[in-house]
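Only one structure is covered here, and it is reproduced in the block below.
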Amino acid sequence: MAQAATSEYQELARRHLWLHFSRMGAYERGAEMPIIVRGDGCYVWDEHGNRFLDGLSALFCVNIGHGRADIAQAGADQAAELGFFTTWSYAHPRAIELAAKVASLAPGDLNRVFFTSGGGESVETALKVARHYHKLRGKPMKTKFIAREVAYHGTTLGALSATGVTGLREPYEPFTPGGCHVPNTNLYRLPPGYGAENLAEAIRHRIEFEGPDTVAAVIMEPVQNAGGCFVPPEGYWQRAREICDEYDVLLISDEVICSWGRLGTWFGAQRFGYQPDIITTAKGLTSSYASMGAMIASDRIIEPFLEGTNSFVHGFTFGGHPMASAVAMANITAFEEEGILENVNENEPHFRAMLESLRDIPIVGDVRGAGYFHAIELVKDRETKETFDGEAAETLLRGYLSGELFRRGLICRADDRGDPVIQLAPPLIAGPEQFEEMEAILRPILEEASRRMDSH
Ligand SMILES: Cc1ncc(COP(=O)(O)O)c(C=O)c1O
């Protein structure tokens, strides 16, 4: 198809393209769909030629930055050699090399890599492997998963049973049974009866309540995305590890966002110094130049699957796709050669300082996060931490902030799956120049939002 004219794209998109997580009615009623046509480094351009600072790495994805034809080229080169072969019963060199590379970077004995096409599939795989693992070891009752409130683990029915966002769950009930939830690590708004020091005990309490013989796994993100970058308090993950060991429950670290440098380490578990049984990953693995994810399991997890005729009866046609594997390897190589992790570690304090400097604006209630993954929580009253709910949140986020941030050239996320937040997660090549640009856009908009919403 020849390149369509600008207005023609709008028309075709309105008519045929069903956007994910979008209120399509707005486009039906004439709103313009944002159409991004090009990217380079930390920036993208829309169909009108407007430039945007991509403060969200295209949904925590393009960690290496936009416009890296060399990384995509690795996929094209691979296509000439072997465009596709499946990893159902066969192997090919690119999947083998990548599995070995991922295992070498993953913490401890996480040495077995099961490739998928994305994050949701990685989570599904982890949940299934956990159930099957226990069954093979003679504990068939261990089927439940403990996740955290407001956490997002994907939208497929299994992953959705772990996802803790009511609005995303309700329309699709009932789904895979077994999902239970505990409070998250929102340190700005601690749940009643808990302090930062004993939050992990909620996991223990839930395991005991459900019956330890019925619980297969605990699944949590190193820094929880939904709700706005909830960091774990000191010792939280270590305590979770102890609890899981005590009850023979697997610990899954869902690092679909928090791996591949997002927190300044290859994996989020390394940033906080804990050892999971399973890591789920995607997005930054290829910097999203190809669709790929992985479940990385410890040697201990695969053990029962190695006995006799046992096998993990699970797979996806495209898991370990040769082109995606080649792209992932080129991406990881670029990370190493270009010091991407070092850039995050060197600049995280500057990023944080820029965000902290916004605290004088009345609507800024909290600033939190780690690495290149931060959130600003917006409040009506800083003294009481009164939030914006219902109509007020709608007016603030969709009525003003989302549109205005985009209009002024900053792509970030104004989100109210929990309390209202603005999330920032720039490509990992960003530095002080981009932070200054973010501040120049954020400050006047947040000041205006404070006035409009009468924040104090
Ligand atoms: C922590 C986490 N898990 C799972 C997923 C699902 O990944 P995907 O959208 O690739 O299926 C996401 C997506 O953002 C995520 O952030």
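No lab work stands behind these numbers, since they all come straight from the coordinates. This is a predicted model, so every value here is computed, not measured. Using ideal geometry, Cβ is built from the backbone for each residue, glycine included, and neighbour counts are taken over all protein chains shown.
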Using the Karplus curve 6.51 cos²θ - 1.76 cosθ + 1.60 with θ = phi - 60°, what ³J(HN,Hα) values do you get for each residue of the range 446-456, in whole Hz, with x for Gly and Pro? 5, 5, 5, 4, 4, 5, 4, 9, 6, 6, 8
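Relative to the Cα centre, what is the charge dipole magnitude of the chain, using +1 at the beta carbon of each Lys and Arg, -1 at the beta carbon of each Asp and Glu, and rounding to the nearest 20 debye? Mind showing how you got there, number by number?
On the way: 42 positive and 62 negative charges, 193 e Å.
Taking the Cα centre of the chain as origin, the dipole is about 920 debye.
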Quick one: which residues, 5 or more positions from Val215 or on another chain, have an amide H under 5 Å from its amide H? H modelled 1.01 Å from N in the peptide plane, none for Pro or chain starts. Thr143, Lys144
Tell me, what is a quarter of the convex hull surface for the C-alpha atoms of the chain, in nm² with one decimal? 22.2 nm²
I need the peptides 430-439, 59-68 ranked by packing, meaning the mean over residues of other C-beta atoms within 10 angstrom, with the highest value on top. 59-68, 430-439
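Tell me the relative contact order for the chain as a rounded percent, counting alpha carbon contacts under 8 Å between residues six or more apart. Please report the intermediate quantities before stating the final value.
Details: 897 pairs, mean separation 94.8, N = 456.
Taking the mean separation of contacting Cα pairs over the length of the chain, I get 21 percent.
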Using alpha carbon centroids, what distance separates the range 417-456 and the range 139-201, in Å? 28 Å
Can you tell me the Rg and Dmax of the range 69-337, counting just the alpha carbons, in angstroms? 18.2, 60
Which of Ile252, Ile146, Ile361 comes first, and how do the rest follow, when ranked by fewest Cβ neighbours within 10 Å? Ile361, Ile146, Ile252
Hey, can you grab everything whose amide H is under 5 Å from the amide H of Gly365? Only 5+ residues off in sequence or another chain; H modelled, so Pro and N-termini drop out. Glu377, Leu378, Val379
I need to check one value: relative contact order of the range 69-337, counting alpha carbon pairs closer than 8 Å and at least 6 residues apart, in percent. 30 percent
Amide hydrogen neighbours beyond the local backbone of His181, cut-off 5 Å, H modeled: Ala147
Along the range 176-184, what does the Karplus equation 6.51 cos²θ - 1.76 cosθ + 1.60 (θ = phi - 60°) give for ³J(HN,Hα), rounded to whole Hz, x for Gly and Pro? 3, x, x, x, 10, 10, 10, x, 8
Assuming a strict under-29 Å limit between Cα atoms, what lysine pair count do you get for the range 69-337 once near-sequence pairs (fewer than 8 apart, same chain) are dropped? 8
In what sequence do Asp277, Asp46, Asp254 fall when counting other Cβ within 10 Å, fewest first? Asp46, Asp277, Asp254
Toward the positive end of the charge dipole of the chain, about the Cα centre and with charges on Cβ (Lys, Arg +1; Asp, Glu -1), which of His20, Gly75, Val256 goes farthest? His20
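First obtain the Kirkwood hydrodynamic radius of the range 301-456 from its Cα pairs, then insert it into the Stokes-Einstein equation at 25 °C and 0.890 mPa s, and state the resulting D in µm² per second as a whole number. Each step should come with its number before you reach the end.
Working: Rh = 18.4 Å.
D = 134 µm²/s.
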Given Cβ point charges of +1 (Lys, Arg) and -1 (Asp, Glu) and nothing else, what value in debye, to the nearest 20, does the dipole of the range 69-337 about its Cα centre take? 380 debye
Rank the residues Lys128, Lys142, Lys283 as a footprinting-exposure proxy: fewest other Cβ atoms within 10 Å of their Cβ go first. Lys128, Lys142, Lys283
Give the lysines whose C-alpha is closer than 27 Å to that of Lys380, dropping any in the same chain fewer than 8 places away, or say none. none
Under the Karplus relation with 6.51, -1.76 and 1.60 and θ = phi - 60°, whole-Hz ³J(HN,Hα) for the range 300-315, x at Gly and Pro, equal 5, 5, 6, 3, x, 7, 8, 7, x, 9, 4, 7, 7, 7, 7, x
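Let me have the 222 nm mean residue ellipticity of the chain computed from DSSP H runs of 4+ only, each contributing -39500 (n - 2.57), with the sum over all residues rounded to the nearest 500. Show your work: numbers first, answer last.
Details: 17 runs with 176 residues, N = 456.
Computed ellipticity for the chain at 222 nm equals -11500 deg cm²/dmol.
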